[in-house]
Amino acid sequence: MATVDTSLEGETSGAAGELAAAHSAEHPLKLYGGWFCPFVQRAWIVLAEKNIPHQYVEINPYKKAPEFLALNPRGLVPTLAVPVSVGGEGKKDLKPLYESTVICEYLDEAFADTGRFGPRLLPEEDAYDRARCRLCIDHIGSRIVPAFYRFIQHTPDKAYSIDEVRAEFLGHLKTFANELGSGGPWFLGERFSLVDVMLAPWAKRLFLVDHYKSGGVGIPAEGEGGDDEAVWARWRQWFEAIAARKSVKETWSNDDQYIGAYKRYAEDTTQSEVAKATRQGKSLP
Ligand SMILES: N[C@@H](CCC(=O)N[C@@H](CS)C(=O)NCC(=O)O)C(=O)O
């Protein structure tokens, strides 16, 4: 079967194109990414938030080049190449890291100098706050993200209806919105954290569900949330803050390009690992 994805065209455009170009020079810390990939955007947001010197390398992860598989046997982006000290005399080797959540935590910890890299994205002062962040990150990864793919890959021949998928997705989003703190737009209120980073790429991609799926995402408009009005108002506050966040804007290509790239998800024809797992009812890679 044709795998559409290996011919996926393009590279970063718009603001993300500018950021990629500004980070195209050789640097030992390398982010291997694909412009369309939300998991990559997580890592890229952290690099941008903390202003971490790095090189951005655009690759097509569906093409499984041997050099890429040597770095990441799972063959997925994001993949990070990290300069690691080996032996004495300042000798360094490039070692790989992968999995977006692991990469984001690594970057936050490895670039911890708050004077230079700004506030930590996982609150370092309080173990309970950190655990609460991880709980919410788990909710995003194990519930919201898989439901997003079930939603966007829904086609009329599925055993379940679009209304069922929509209700499931909105339920998970509502749980998230109920957990949002007060005193500011973010999960931790005033303080931006890794929780906000983890959901931002899919929040930004919700417009694709509106574009492709009949009935759209289904988040009630202002004043139409009934008993849930307050929780959806809180969601909107978070969403607007995310859309306006510099690091999120800087890592975003032109909207039209996403519409083109996600057609294969909307028609459920893509052979990406995420899409195949979704189709087979398995957990995501
Ligand atoms: N669990 C991984 C998922 C990464 C992932 O699925 N990346 C996609 C692009 S959005 C990929 O590299 N796909 C290649 C393929 O499906 O063959 C993470 O969090 O980093």
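The values are calculated or read from the model by the stated rules, or taken from the named source; none is laboratory data. Quick caveat, the model's predicted, so the values are computed rather than measured. FYI the Cβ positions are ideal-geometry reconstructions off the backbone, even for glycines, and counts take in every protein chain you see. We work out accessible area using only protein heavy atoms, side chains counted, and drop any ligands, DNA or RNA first. Shrake-Rupley method; radii C 1.70, N 1.55, O 1.52, S 1.80 Å.
A few points about this structure:
- Residue among Glu109, Glu105 that is charged (D, E, K, R), within 13 Å of the ligand (Cβ to nearest atom) and out of contact with any Cys (no Cβ under 8 Å at 6 or more places or on another chain): Glu105
- Qualifying residue in region 143-157 (condition: farther than 23 Å from Phe39 by Cβ, open to solvent by less than 70 Å² (accessible area, probe 1.4 Å) and not hydrophobic (A, V, I, L, M, F, W, C)): yes
- The sole residue among Asn72, Asn51, Asn60 that is in contact with a Gly (Cβ under 8 Å, 6 or more places away or on another chain), free of Cβ contacts under 8 Å to residues at least 60 places away in the same chain and not small (Gly, Ala, Ser) is Asn60.
- Residue within region 80-100 that is open to solvent by less than 30 Å² (accessible area, probe 1.4 Å) and part of a helix (DSSP H, G or I) present: yes
- 2 or more residues in contact (Cβ under 8 Å) with a residue 40 or more places away in the chain and under 30 Å from Phe117 (Cα atoms): qualifying helices (runs of 4 or more DSSP H) within region 145-258: 162-179, 194-204, 229-244, 246-250
- Residue in region 31-47 that is more than 17 Å from the chain's Cα centre (by Cα) and either crowded, with 19+ Cβ neighbours inside 10 Å or at pLDDT below 95 (or both) present: no
- Flag for Leu80 being within 16 Å of the ligand (Cβ to nearest atom) and either in contact (Cβ under 8 Å) with a residue 40 or more places away in the chain or touching a strand residue (DSSP E or B) at 6+ places or on another chain (Cβ under 8 Å) (or both): yes
- The residues listed here are Ala167, Ala200; of these, the one that is of a type in the set (A, V, I, L, M, F, W, C) and surrounded by fewer than 21 Cβ atoms within 10 Å (Cβ to Cβ) is Ala167.
- Considering (1) in contact with a Leu (Cβ under 7 Å, 6 or more places away or on another chain); (2) closer than 30 Å to Asp108 by Cβ, the lone condition that Phe239 does not fulfil carries the number (1).
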